[in-house]
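Values in this text are rule-based calculations from the coordinates and carry no lab data. Treat the numbers as computed from the prediction; the structure is a model and nothing was measured. Methodologically, a virtual Cβ is constructed for each residue, glycine included, from the backbone with ideal geometry; neighbour enumeration extends over all protein chains shown.
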Amino acid sequence: MVTIEYRNAKVRLAEQVYDPAEDSYLLADTALEIVKDGMAVLEIGTGSGFVSAVLKANRDIRLIATEISPLAANCARSNRVDVIRTDMFSGLKAGKQFDVIIFNPPYLPTSEDEKVPGWLNYAFDGGVDGRKDIGPFMEQVADHLQPDGVVLLLISSLTGIDEVISEMEVHNFNAHVIASKKCSFEKLVVVEGRPIK
Ligand SMILES: C[S@@+](CC[C@H](N)C(=O)[O-])C[C@H]1O[C@@H](n2cnc3c(N)ncnc32)[C@H](O)[C@@H]1O
């Protein structure tokens, strides 16, 4: 079994579960700048649990996560992340609101012949434009966020940064890029969204 260590967290990886990559590291580093002790944090699509485990190892927070893949949910549980296996926000306690909600969604534009078999496809398949999950996420996120809360969304230049910011604005959020990293064929960014009061 492969285990990785990063910023005081030890994280076990598993077959058919997204291996933490540059996007995961950028989101974890950025989230550590925003998340403070005492906050309630929700991670959607936790995968191996890497980002949540890094946050828990460095902050005194209440954190829960959701994950659609049963294989990833089990892996994250083995990394001591409290996971609900569900589709996005379904199954979360009604009325519970978080200070910070983070999501590293499947963000790559994906055609039919680029799909990968099994549960791992949920990690990569962002639909034809890479934004398949962004709309549904933005439609629901405000119900689970404190009025002065923060959304952190990891996307790529291939996803369409301006389009994602527009989608967030349509849902009454102020949004802008707060971190970025140039990778080989794309730029990864973290978009911060705050509800307009
Ligand atoms: C790009 S991976 C990121 C994993 C991890 N958060 C990280 O940063 O390393 C996206 C994750 O979201 C999960 N996912 C995709 N769609 C989902 C949905 N509708 N609800 C919950 N999880 C979802 C995938 O199974 C996958 O584990």
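Can you run down the residue pairs with Cβ atoms below 7 Å, 6 or more apart or on separate chains, where the first is in the range 23-34 and within 15 Å of VAL150 (Cα to Cα) and in contact (Cβ under 8 Å) with a residue 12 or more places away in the chain and the partner is within 8 Å of the ligand (Cβ to nearest atom) and of a type outside the set (Val, Ile, Thr)?
These pairs meet every condition: LEU27/ASN104; LEU27/LEU154; ALA28/PHE50.
Any idea which of (1) farther than 21 Å from ALA175 by Cα; (2) surrounded by fewer than 18 Cβ atoms within 10 Å (Cβ to Cβ) is the one ASP29 doesn't satisfy?
That leaves (1) as the condition not met.
Working only within the range 162-184, note down all residues that are closer than 17 Å to ASP129 by Cβ and surrounded by fewer than 18 Cβ atoms within 10 Å (Cβ to Cβ).
Result: ASP162, GLU163, SER166, VAL170.
I'd like the residue in the range 112-132 that is within 19 Å of GLY47 (Cα to Cα) and of a type in the set (A, V, I, L, M, F, W, C) and, out of all such residues, is surrounded by the most Cβ atoms within 10 Å (Cβ to Cβ).
Among them, the one singled out is ALA123.
Go through ALA40, ALA72 for me and flag whichever is in contact (Cβ under 8 Å) with a residue 24 or more places away in the chain, under 28 Å from PHE185 (Cβ atoms) and crowded, with 16+ Cβ neighbours inside 10 Å.
When all the criteria are applied, what remains is ALA72.
For the range 133-145, state whether one or more residues are in a loop (DSSP other than H, G, I, E, B) and farther than 16 Å from ILE44 by Cβ.
Among the residues of the range 133-145, not one is in a loop (DSSP other than H, G, I, E, B) and farther than 16 Å from ILE44 by Cβ, which makes the answer no.
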